[in-house]
Amino acid sequence: MEMKRSQLVWMALPALAATGVGIYVLAPGIVVAVIPYALLAACPVSMLLMMKFMHGSQGTPQEDQADPAQEESLARLKAQQAALDQKIGTLERKDLRPSAEKGANPTDERSSRS
């Protein structure tokens, strides 16, 4: 069920109108006392309707049926991440070697600059 947000507002109005008519028919003496509460209830009721219809229109994919294209993409990204981790490790080891060979601590150089 595909709906636009503007359609949801128009769906909430008849529900609120039906509630008002029902109160008027069942207890006409309390209509004036109920109007402020009905106006306060309009916002949460319309929000609940919107949330229900928005989540219902998205459709939930079958969790037990995985998408093969998504699995391939995930595997490719994991391979790229592993390659990047390896490159980072190599670069970090190269950064530490020259300073260790010189006998200088890289943190000492940073603290003396401050």
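The values are calculated or read from the model by the stated rules, or taken from the named source; none is laboratory data. If you're wondering where the values come from, they're calculated on a predicted model, not measured in any experiment. Here Cβ is always computed from backbone atoms with ideal geometry, including for glycine, and neighbour counts include all displayed protein chains.
Of note:
- Checking Ala75 against (1) modelled with pLDDT of 80 or more; (2) closer than 30 Å to Ala12 by Cβ, the condition it does not meet: (2)
- Ser57 vs. criteria in a helix (DSSP H, G or I), hydroxyl-bearing (Ser, Thr, Tyr), modelled with pLDDT under 80 and closer than 30 Å to Ala15 by Cα: yes
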